[in-house]
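> First the structure, then my questions, so here it is.
The values are calculated or read from the model by the stated rules, or taken from the named source; none is laboratory data. Predicted, not measured: the structure shown is a model, and the values here were computed from it. So basically every Cβ, Gly included, is an ideal-geometry build from the backbone, and we count neighbours across all protein chains shown.
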């Protein structure tokens, strides 16, 4: 394994970014779990862009919609817990990347496209899902989850690593 050195500031910044993204996913998952009769139907049926027909087909198939609802509720919750706890973070990062990519593709920020669901502004090609997707990609490149996390305990190696420098 490659020895990596981070300053304390870099380490805390990476840790904080992981926590913030984890909180976002955990909150989204729990909000869906605790909302009676929550369904992804409205979000899927409102899809635009080149994959819209695929998302609409999912919305109109009760079995697939049930699977999507379950995956959203529990998948978002798992990703959030994974990132906050630093437990199985590679799976958490992979899940985050897949969710964010699907969210971006289902509701791309295109010109002259309006959605039924309220948006957080009018952006051309760039939205919070794309920005967060790239933030998660950055986190995967820095392997900070093996430094401050339960993964460090779980996947401990005998090699001594120089982790922090002042």
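> Determine which member of the set 44, 101 is in contact with a helix residue (DSSP H, G or I) (Cβ under 7 Å, 6 or more places away or on another chain), touching a residue at least 12 places away in the same chain (Cβ under 8 Å) and exposed (fewer than 15 other Cβ atoms within 10 Å of the Cβ). Please lay out each step first, then the result.
Numbers: 44 fails: exposed (fewer than 15 other Cβ atoms within 10 Å of the Cβ).
Checking each option against the conditions leaves just 101.
> Here is a list of conditions, (1) without any contact (Cβ under 8 Å) to a residue 60 or more places away in the chain; (2) surrounded by 13 or more Cβ atoms within 10 Å (Cβ to Cβ); (3) in a helix (DSSP H, G or I), and residue 38 meets all of them except one; can you say which number that is?
Tallying (1) without any contact (Cβ under 8 Å) to a residue 60 or more places away in the chain; (2) surrounded by 13 or more Cβ atoms within 10 Å (Cβ to Cβ); (3) in a helix (DSSP H, G or I), residue 38 fails exactly one: (3).
> For region 136-161, which residues satisfy the criterion of being in a helix (DSSP H, G or I) and either under 18 Å from residue 81 (Cβ atoms) or at pLDDT below 65 (or both)?
Passing the criteria: 136, 139, 140, 144, 145, 146, 150, 151, 152, 153, 154.
> Still on this structure: Looking at (1) under 20 Å from residue 56 (Cβ atoms); (2) at pLDDT below 90; (3) within 18 Å of the chain's Cα centre (by Cα), which is the only condition residue 129 fails?
(2)
> Same structure again: Going residue by residue through region 75-93, is there one that turns out to be assigned to a loop (DSSP other than H, G, I, E, B), closer than 20 Å to residue 49 by Cα and touching a residue at least 40 places away in the same chain (Cβ under 8 Å)?
We begin by selecting, within region 75-93, every residue assigned to a loop (DSSP other than H, G, I, E, B); these are 86-88.
With closer than 20 Å to residue 49 by Cα added as a condition, the list becomes none.
No: zero hits.
> Identify all residues within region 70-85 that are over 14 Å from the mean Cα position of the chain (by Cα) and either modelled with pLDDT under 95 or buried (at least 17 other Cβ atoms within 10 Å of the Cβ) (or both); write none if there are none.
If the condition is that a residue be over 14 Å from the mean Cα position of the chain (by Cα) and either modelled with pLDDT under 95 or buried (at least 17 other Cβ atoms within 10 Å of the Cβ) (or both), then 85 is the only one that fits.
> Moving on. Criterion first (in a helix (DSSP H, G or I) and modelled with pLDDT of 90 or more) does residue 14 satisfy it?
no
> Consider residue 110 carefully, then state whether it is surrounded by fewer than 19 Cβ atoms within 10 Å (Cβ to Cβ), under 16 Å from the mean Cα position of the chain (by Cα) and either part of a helix (DSSP H, G or I) or touching a residue at least 40 places away in the same chain (Cβ under 8 Å) (or both).
Spelling it out, it is not the case that residue 110 is surrounded by fewer than 19 Cβ atoms within 10 Å (Cβ to Cβ), under 16 Å from the mean Cα position of the chain (by Cα) and either part of a helix (DSSP H, G or I) or touching a residue at least 40 places away in the same chain (Cβ under 8 Å) (or both).
> Within the group 22, 49, which residue is touching a helix residue (DSSP H, G or I) at 6+ places or on another chain (Cβ under 8 Å), assigned to a helix (DSSP H, G or I) and touching a residue at least 24 places away in the same chain (Cβ under 8 Å)?
22
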